[in-house]
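The next block holds one structure in the form of structure tokens; read it before the comments.
Values quoted throughout were computed directly from the atomic coordinates according to the rules given, and no laboratory measurement underlies them. Since we're looking at a predicted model, the values are computed, not measured. So basically every Cβ, Gly included, is an ideal-geometry build from the backbone, and we count neighbours across all protein chains shown.
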Amino acid sequence: MKKRLIKAEDLYNLRIPTSISISPDERQAAFTVEWMNQKKKEYYTNIHLLNIASGKITQFTHGNQTDGQCVWSPDGATIAFVSTRQKKTVIYIMPVKGGAEQKLIEIDGSISNLQWTPNSKSFVFALRYNDSHYIKDEKEKKEPPVFRHITRFFYQLDGEGFLPQDRFHIYMLDIATNKLTQLTRGKKYDDVSPAVSPDGRQVAFISNHDADPDFNYLRQELFIISIKGGKVRKIKTPLGPKNSPKFSPNGKFIAYIGHDNPEDSWGVTNEHIWLVGVGGNPKARDLMPTFDRMTIDQTVSDTSDVHEGGAVFWSGDSKRIYFVSSDTGNTNIFYIPRSGGRPTRVFRGDCHVKGFAVNGRGNTAALIYADLNNPGDIMTCPAQYGGEKRAKKHTDLNPWLKSEVKLGKTTDVVFKSSDGTEVQGFLVKPPFFNKNKKYPAILEIHGGPRAQYAFTFFHEMQFLAANGYVVFYTNPRGGSSRGETWAAAIEGGWGDLDFQDCMAAADYIESLKYVNKKRIGVTGGSYGGYMTNWMIGKTNRFKAAVTQRSVTDLTSMTGSSDIGFMIHREFDGFPWTNPECYRERSPNTHMENVKTPVLIIHSEKDLRCPLEQAQQMYTKLKVLKKKVEMVMFPDSPHGLSRHGRPDRRLARLNWIVKWFKRWV
């Protein structure tokens, strides 16, 4: 059978694994798979069980619902999970061997970090109630409030809208009685990332008790409270971001992901594995101070989001700590000895480990594996050096990609920027490539800026290639996975070294014999949209541009974005203290120079780069009589390309191709 080209509609065919956990005896793994319902225009997630020895897979939950946060009971007999059925958040438990699920509690709010207590009698988790939880009248709940009284810096979040008045706190739920007990309290602080001690007596968590925790958002600290509640005790650690605290199995230590630079810019300082004694001794220390990489996944694509929190797992003997790290396009599994030193790579390869789990009682790691041609499958491997050599693949979630579709060949390349710096990129050739033909090309620029394009499946890049374009997506300076110096290279100077690297990428495309150098377009989203705007204001070499969810005016962005008040860390002050930098570095300042036909794509409910950013650019280009059009997507957030309503994602892809076919 002759293979076909990939289509925008193939988004509906994708089955994406999103999380994984391994049973206490390491004989089974539970994993979630996300899929799209074309008729309902919704995403749903179901839980599946894998028998590791036999390879047999059983679907554990079914239907048009979103089930996640699946966690095994200590005896391995039951799985608990969180579901968003009936528009409420519900905790269920269900026997692994089969049987009816049992609803424990239904909550009008958000739950995170669900976990069993060691005696299997209760759960601990972080909970924040929605404002509607406190409204008794059902009719009133469905209506917008009469007014919103805002007092916080951080009062809105892209994808969620206005944040509830409540804060996250730590709760315990008794399974037998369904009694919900609040362990931590406070109107000013969020208490997050709870971790239960092995003896079940204590809960560690992260909180920011600064006088202004919103503005000084990186001044997080580590706390412990009794499982019965009461007085909170602070464990002395350096101020700085903290994620994923985990008790060692022997109960003596807590490991967490973080760093000690509370004045860091947007993700420049490396987040590492830190260790501290439960009683504060030994003192908190970075276990890998010379490791010039982050201990989190920093890969972006349209089949996964960046997992900023990271994951930490201990070995059963309390001697090793497992984590993932992104390095020059890959994301692999590592471990670090409890004593510190050089991390060891457990699973190596040009791939994207999108999630993993190590139970600690044996030697097996379960992971979600993706690469340039695979959006994700479940694998297991030994949790030791060279694990990839004995890895076993258990699923084939997207067989149609191999049997039906001819993908464009993707290769990673290294090219030199104008100052000789080596830059990584990924080149996709059109399917059924003919070396004697001259192809148009598209340069793609990632958002962030602290993120990376990587060895992972990217539907958008394949779709563009299937439409006859050579696609080049690169990792210019200012991004992630190349160390702190690389990430810090554009602080206070967006549009300098990153612009040089993007221009060098365009030079590289033009040097390819099979590319028509007079037919090259450029596109990008978020920070990539910023760079697209910046480039067309600085050069006329591109035949067309598509700027998406972009930044155009840094001054107004400071006040309108959900995280705009944080931008001063990146630009050496605020617009009123460093106005020339903000003016010069805003693409709108240079719109008079634009000669490139530009399509502006923006989401109407984008709170990260608000709609006014697109409107400013559109209005100015219209007044200047430039070739510009705008496409807006109603009721859509910043992350439209990754998790927006499916039909709108398809429309977005088709608009990009339509614009480039018109002008390139």
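What's the exposure ranking of 276, 405, going from fewest to most Cβ atoms within 10 Å?
Numbers: 276 22, 405 19.
Lowest to highest Cβ neighbour count: 405, 276.
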For the Cα atoms of the chain, what angle does the longest principal axis make with the long axis of helix 611-623, in degrees from 0 to 90, nearest 10? 10
Can you give the local net charge around residue 607? Use residues other than it whose beta-carbon is closer than 13 angstrom to its beta-carbon, Lys and Arg +1, Asp and Glu -1. -4
I need to check one value: relative contact order of the chain, counting alpha carbon pairs closer than 8 Å and at least 6 residues apart, in percent. 10
Count the net charge of all other residues whose Cβ sits under 14 Å from the Cβ of residue 115, scoring Lys and Arg as +1 and Asp and Glu as -1. +2
Compute the separation of the alpha-carbon centres of segment 360-426 and segment 42-110 and state it in Å as a whole number. 27
For the chain, the longest principal axis of the Cα atoms and the Cα long axis of helix 527-538 enclose an angle in degrees, to the nearest 10, of 20
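Counting DSSP beta bridges in segment 406-663, what percent are antiparallel, to the nearest 5?
The antiparallel fraction comes to roughly 30 percent.
Counting other beta carbons within 10 Å of each residue's own, what order do 417, 248 fall into, fewest first? Can you show the working numbers first?
Values: 417 20, 248 23.
So the ranking, lowest neighbour count to highest, is 417, 248.
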Helix 646-663: inclination vs the chain longest Cα principal axis, degrees, rounded to 10, gives 20
When Rg and Dmax of the Cα atoms in Å is calculated directly from the model, which label among [x] 26.4, 88; [y] 24.6, 84; [z] 24.7, 74 fits? [z]
Cβ-defined net charge surrounding residue 141, 10 Å radius [Lys, Arg +1; Asp, Glu -1]: -3
Greater than 19 Å apart at Cα, pairs in 409/513; 622/661; 437/517; 438/517; 88/121: 622/661; 88/121
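Taking 0.36 nm per residue of separation and subtracting the Cα-Cα distance, what length does fully extending residue 305 through residue 234 add? Numbers along the way, then the final one.
On the way: separation 71, 0.36 × 71 = 25.56 nm, distance 3.24 nm.
Residue separation times 0.36 nm, minus the Cα-Cα distance, leaves 22.3 nm.
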Of 182, 631, 655, which is farthest towards the positive pole of the chain's charge dipole, taken about the Cα centre with +1 and -1 on the beta-carbons of Lys, Arg and Asp, Glu respectively? 655
